[in-house]
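Notes for the one structure printed next.
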Amino acid sequence: MALVPTLTIKDSTTFSDEINFSVTDSLTTGTPSQGLTKATITTADNQELVDEATSGVFYFYAKNTDSTNFVILQTTASQQYARLSPGEFCFFPINDGAGLEARADTASIILEYAYWAKG
């Protein structure tokens with residue numbers, strides 16, 4: 001199976017020179033994987049999305065669909081990967097055996113996510 005992510009970055013206001021580039025890759029994937037899922041993430045506890053006991057490296061996508069609150073993405077050992085503000089998204093690899101958890105900061109949010117095992 002192949003996953004084809006594309007990242008496009010455009011910025012004409014931050015620097016004196018305009019930034020405008022796009023990078024595309026073809027990533028080989030396998031199992032296990034998790035199709036696009038929406039989960040309620042609460043403030044009560046860290047919610048595991050990728051089990052740390054599952055070996056292998058994973059590609060992970062997430063989007064915070066909330067319009068007000070942020071969410072923390074971290075390893076199961078509480079090492080933070082990201083803080084997604086309302087409407088923000090991310091795509092990154094997860095280290096082997098590190099797992100991934102999410103925790104809402106102020107109020108419950110809906111997190112859209114998916115992951116693919118690196119093939």
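The values are calculated or read from the model by the stated rules, or taken from the named source; none is laboratory data. Treat the numbers as computed from the prediction; the structure is a model and nothing was measured. Quick reminder, even Gly has a Cβ in these numbers, built from the backbone with ideal geometry, and neighbours come from all protein chains shown.
The figures follow:
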{"read-out": "Scan of the stretch 21-46 for residues that are over 25 Å from ALA104 (Cβ atoms) and of a type in the set (S, T, N, Q), ordered by number", "value": "SER22, THR24, SER26, THR28, THR29, THR31"}
{"read-out": "Residue list for the stretch 65-119, filter: at pLDDT 95 or above and charged (D, E, K, R)", "value": "ASP66, ARG83, GLU88, GLU101, ARG103, GLU112"}
{"read-out": "Residues being of a type in the set (Asp, Glu) and out of contact with any strand residue (DSSP E or B) (no Cβ under 9 Å at 6 or more places or on another chain) - total across the stretch 97-119", "value": "0"}
